[in-house]
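Notes for the one structure printed next.
The values are calculated or read from the model by the stated rules, or taken from the named source; none is laboratory data. Keep in mind that this is a model prediction, so the values were computed, not measured. Ideal geometry is used to build each Cβ from the backbone, glycine not excepted, and the neighbour counts take in all protein chains shown. These accessible areas exclude ligands, DNA and RNA; they are computed on the full protein's heavy atoms, side chains included. Shrake-Rupley method; radii C 1.70, N 1.55, O 1.52, S 1.80 Å.
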Amino acid sequence: MKKNLDKTYKLSSHTLLAVCGEPGDTANFAEYIQGNVRLYSVRNSQDLSPSETANFIRNELAGSLRSRKPYNVNMLVAGVDKNSGAASLYRIDYLAAMAKVPFAAHGYCAYFIYSVMDREYNEDITLEEGLVIVKKCLAALKERFIVDFPDFSIKVISASGTREYDLAQILAQN
């Protein structure tokens, strides 16, 4: 297990894919999806919306379930639709069940931080309030999770694109 492995894949300027599961499956499936989403963009001169991307991923994962070697991958697809400006988040599990959700986490840490997100989240959330929730989630993990992960990657998707935040700056804020 690498400490600095980034499990997010940039599918377009406004869409990210986060994966967890078996290491070989996650890398292979995510790179396959990333390549096909890029191919669609080149062929059609436009990017898929986050909803279209999530549905494409769900369809590909459902197809792999019917094969001899299904992928054991759980995913989060997040993005902002360039046309409508609406943000969306989709959770897709290894059985190709997909749901649009207001917040999500996956992996073992999700058991510890869902309660924080459920308590703190509201529909009119600002970026600053979201970063405060991230700080609270990290504090819950530090207190309750047995494994110490020293570094996290925090990425934000907005109408202007995707950007990464420095964890030290976020933790230093009040």
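When the solvent-accessible area of the chain is split by element, carbon and sulfur atoms take up 51 percent of it, the probe being 1.4 Å. Think of each Lys and Arg Cβ as +1 and each Asp and Glu Cβ as -1; about the Cα centre, that makes the dipole of the chain roughly 500 debye.
Residues with beta-carbon under 12 Å from that of Ala87, excluding Ala87: net charge, scoring Lys, Arg +1 and Asp, Glu -1? Spelling it out: positives minus negatives among the neighbours equals 0. On full extension, the segment bounded by Ala110 and Ile146 gains 11.6 nm, given 0.36 nm per residue less the C-alpha separation.
Distance between the 7 Å Cα→Cβ label points at Ser41 and Asn72: 3.2 nm. In the context of the full set of protein chains, the chain has a per residue accessible area of 62 Å² (1.4 Å probe). Extension gain for Glu120 to Gln34 (0.36 nm times residue separation, less C-alpha to C-alpha distance): 27.7 nm. Each helix, a run of at least 4 DSSP H residues, gives -39500 (n - 2.57); summed and divided by the residues of the chain, these come to -13500 deg cm²/dmol at 222 nm.
Note down the relative contact order for segment 71-174 as a percent, whole number, built from C-alpha pairs under 8 angstrom at least six residues apart. Please report the intermediate quantities before stating the final value.
Numbers: 112 pairs, mean separation 21.1, N = 104.
Reported relative contact order: 20 percent.
Measuring against 29 Å, Cα to Cα, the residue pairs Lys10/Lys69; Lys7/Lys135; Lys100/Lys136 contain no pair spanning a longer distance.
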